[in-house]
Amino acid sequence: MSRADKIFIDNLKDIINNGFWDTGYDVRPHWEDGTPAHTVKRFCIVNRYDLSEEFPIITVRKTNFRNAVDEILWIYQKKSNNVNELNSHIWDAWADESGSIGKAYGYQLSVKHKYKEGEFDQVDRVLYDLKHNPLSRRIMTNLYVHADLHEMNLYPCAYSVTFNVTGDRLNAVLNQRSQDMLTANNWNVVQYAVLVHMMAQVSGLKAGELVHVIADAHLYDRHIPIAQKLIAAEQFDAPKFVINKAVHDFYKFTLDDFDLIDYKYTPLGEKIEVAI
């Protein structure tokens with residue numbers, strides 16, 4: 001069993017057994033048929049993944065590795081807010097007729113800000129500090145910009161990353177205000193694990209620890225039977241993560257520079273409905 005499997009299953013059990021149900025309240029999310037999508041949640045789940053030990057992808061169901069990586073490149077490398085530049089269609093419900101999701105996600109990372117060292121967008125500032133100020137305690141990105149929320153078709157869920165260097169290891173804290181645990185938890189973990197590997201490699205560092213802080217970790221009512229199925233699913237060892245060691249420019253990475261070797265998983269056999 002992978003460490004990611006144990007963390008994921010422990011989270012599911014904790015939410016199901018100890019969570020708070022919102023069935024007595026009016027809720028914003030709904031299912032495609034118009035039925036309110038109620039949840040059971042736990043407040044502030046904190047998960048730690050040592051990226052030097054294994055790559056944190058679950059095996060109790062498949063996580064689409066290539067699409068997850070494609071999306072993190074879309075946000076952090078392309079700094080895009082247009083779904084037409086994505087290979088997957090998970091954002092389509094929030095896009096307008098041109099494909100834009102407004103001033104959200106990648107858009108915020110593309111905005112330049114003035115510093116005493118010059119003008120940088122958020123990603124370039126991180127890359128600059130990792131090379132020139134690795135002991136800084138101010139290396140972070142933030143997508144939750146209140147002044148632009150009214151122009152975002154979707155408020156960012158995973159909204160902030162704080163990078164921290166200890167010796168030759170790059171660590172990161174991913175802050176997330178809300179998490180649909182069944183559909184998106186491991187998707188986000190995989191994405192930001194890859195991001196840490198990328199940032200570390202181009203900065204002459206090694207990938208260290210990824211800490212995932214989730215304020216509202218929830219399961220939707222229609223997801224409970226599937227969650228129970230995953231808790232009992234067969235588990236496998238974590239696959240080996242491969243990154244192209246020849247790439248030393250963050251903006252030169254392509255989707256083909258990442259791979260998993262011997263990724264085994266239990267087929268789910270059913271589609272997970274997404275609340276909107």
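Key figures for this structure:
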quantity: Electrostatic dipole magnitude of the chain [Cβ: Lys, Arg +1; Asp, Glu -1; Cα centre; debye, to 20]; calculated: 780
quantity: Solvent-accessible heavy-atom area per residue, rounded to whole Å², over segment 180-224 at 1.4 Å; calculated: 20
quantity: Residues of segment 1-142: accessible area per residue with a 1.4 Å probe, Å²; calculated: 53
quantity: Label assignment, mean projected area of the Cα convex hull in nm² derived from the structure, set (1) 33.9; (2) 13.4; (3) 15.0; calculated: (3)
quantity: Nearest-ten-degree value, helix 181-202 long axis tilted from longest Cα axis of the chain; calculated: 10
quantity: Relative contact order computed over the chain (Cα-Cα under 8 Å; 6+ residues apart), in percent; calculated: 27
quantity: Percent carbon-and-sulfur accessible area, segment 196-258, ignoring ligands, DNA and RNA, probe 1.4 Å; calculated: 52
quantity: Contour excess over end-to-end distance, with Cα ends at residue 247 and residue 149 and 0.36 nm allotted per residue; calculated: 31.8 nm
quantity: Accessible area of segment 229-276 divided out per residue, in Å², using a probe of 1.4 angstrom; calculated: 64
quantity: Dipole moment magnitude, nearest 20 debye, segment 136-196 about Cα centre, only Lys, Arg, Asp, Glu C-beta charged; calculated: 260
quantity: Highest-MSF residue in the chain out of 178, 203, 98 [GNM, Cα springs under 10 Å]; calculated: 98
quantity: Share of carbon and sulfur in the accessible heavy-atom surface of segment 32-186 [1.4 Å probe, %]; calculated: 48
quantity: Antiparallel DSSP beta bridges within segment 109-229, as percent of all bridges there, nearest 5; calculated: 60
quantity: Trypsin sites (Lys or Arg not before Pro) within segment 134-196: DSSP coil, no more than 14 neighbouring Cβ in 10 Å; calculated: 137, 138
quantity: In segment 58-136, lysine pairs with alpha-carbon atoms under 25 angstrom apart (chain gap of 8 or more, or interchain); calculated: 14
quantity: Viscosity 0.890 mPa s, temperature 25 °C, Stokes-Einstein D of segment 106-208 from Kirkwood C-alpha radius, µm²/s; calculated: 168
quantity: Cβ-placed point charges (K, R +1; D, E -1), dipole of segment 46-135 about Cα centre in debye, nearest 20; calculated: 160
quantity: Long-range Cα-Cα pairs in segment 178-276 (distance over 20 Å), rounded percent; calculated: 52
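The values are calculated or read from the model by the stated rules, or taken from the named source; none is laboratory data. What you are looking at is a predicted structure, and each value in this text was computed from that prediction instead of being measured. Don't worry about glycine lacking a Cβ; one is built from the backbone with ideal geometry, like all the others, and counts go over all protein chains shown. Each accessible area value is taken on the protein alone, full model and side chains, heavy atoms only, with ligands, DNA and RNA left out. Shrake-Rupley method; radii C 1.70, N 1.55, O 1.52, S 1.80 Å.
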